[in-house]
Every structure is written in C-alpha cells, then in structure tokens.
Amino acid sequence: MSKHQKRLSVPKTWPIARKEQQYTVKADAGPHGEEGVPLLIVLRDVLGYADSKKEAMYALDQGSVLVNGTVPSDVRRPVGMFDIISFIERKEYYRVFPDEGGRLALTPIDAADTDGKLGKVANKRHVSGGQIQIGLHDGRTLLTEESSISPNDSIVVGTDDDAILAHFPYEEGALVTAVKGRHAGEIGTIDEISVTPGSSPNGVTVDQDDGGFETVEEYVVVIDENFLDESDGTGTPAEAEVSE
C-alpha cells in the first residue's frame, strides 16, 4: 500500500494547498476515518512549526506536542473535528474546527479549555452489566450509566480519562454549529427539528441574528457557549488557515 497521497484527491476537509506539489503525506489508521488530517500537515503546512517530517518527529519525541492530552507517536496520526492540539513550550492551544466549506481550521483556545474534548454522539446501545455504550463521531466508544444521553447529543469527555464532564442535548433552542454543507462553520440555535418519515434525513432549521439556514441533522453538532467566546465577533471562530 502506498505511503503517499495525491494532493488533488485528498478530502475537502484537509487544509492544504493542492496545486503546489503532486503528493502529500498519507494519514495513518486512527480516529475520524478518511477525513482525519495527518498531524504533519498541521505542523508543517498550516502552522509552519516544522519544515520537514524529520523536524515534526523531533517535536513529538520531545513531548512538546499533545493531541487530546496525549503525546502522539507518529506524525501521520490523524486529527479532526474538535480535537485539542497543545504546544507545551509555546503555551499555545488550538481546537480543530470546521471552516467555511467544511475545511478544517484551528481555533486558538485557553489552556483551561484543554481539559475536555467535545464529541457528537453517533450511536448508543445497551451492553451486558447494565451499562450503556456510546459511540462518538471520531470512532471513540465510552461506557456510562447515564441513560439521558442520546444520539445527536454532544458530550465533553475529559482528556485525562473517560469521564463525561458535560452533556448538551440535541433539542430545539440548543446552540449548534454546522460541520458540513454550504453552511459549515456557521453557528446558531436550533429553531425547529423536522422529523422526516422513511429513510430521508431529518431536517434542522437554525436561527441566527442575521437570518438562519436549513440543513440536515447529520451536518450539525451541539456546542456550548465557550465556542462563542472564541469567536471573532461574526459568529465564526477565528482560524489559522493555509492558503492555496
């Protein structure tokens, strides 16, 4: 299997320039599926903290780069939506957040906000022992006894352990951000959830100060008000980007 990835065929979520070179690094197996962006791209192409794979590997070996509170062992480790990336020596902290068009960008956050990572509940089932297994958007699974958590809700999971620090129900009036589609990166509150009979996806109407938009529930994630504190004042968080 090839260790390289053609830039023109990478997912639209990857924040890289596609026409400068033919190939880029390929993501290793891990969370976020095909949309996971290799950590090397974040260090080299987005932030410019490394000029090469060798420099990025050295930074990891020094333990100065953390992803969700853990030192990654490989620069190809995929990172994705809502992951927390910490640069200990620089005292810089970022949350991966969807930009316009669904492209992933980095939102600066405070050190105090690195203790927990937001996750959208993708599925839920009862397991032996009376516990409930919850699957999150990035493939992570948790065991809990909290029966009030449902699919499409969001939870904050501690980066040091699997403790559920907060729970945000998916309901009318909830604060959400769109993570896919033409409104990706926009923030608003749910005005109405339309349940569609059959196999068609349910619809969501999101209210904003200057209007609103309609999308499907798969494209929205419930967030907390801390995301607004990181905003640049337009309803979309400030971002670190890479130019084409």
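Multiply the residue gap between ASP115 and PHE87 by 0.36 nm, knock off their C-alpha separation, and tell me the result in nm, one decimal place.
Numbers: separation 28, 0.36 × 28 = 10.08 nm, distance 1.41 nm.
Once the chain is fully extended between ASP115 and PHE87, it gains 8.7 nm.
Let's test the formula: R0 of 30 Å, r as the Cβ-Cβ distance of THR189 and HIS126. What FRET efficiency results, to the nearest 0.05?
Numbers: r = 32 Å, r/R0 = 1.05.
Efficiency, from the Cβ-Cβ distance: 0.45.
With Cβ to Cβ distances under 11 Å as the rule, what net charge do the other residues near SER150 carry (K, R +1; D, E -1)?
Working: positive: LYS124; negative: GLU146, ASP153, GLU171.
Net charge in that neighbourhood comes out at -2.
Summarise the long-distance tail of P(r) for the range 174-227 by giving the % of C-alpha pairs beyond 17 Å.
Details: 420 of 1431 pairs.
The share of Cα pairs beyond 17 Å in the range 174-227 comes to 29 percent.
Just so you know, all these numbers are worked out from the coordinates, no wet-lab data involved. Predicted model only: the values in this text are computed from it and were never measured. Cβ coordinates were reconstructed from backbone atoms using ideal geometry, including for glycine residues, and neighbour counts include every protein chain displayed.
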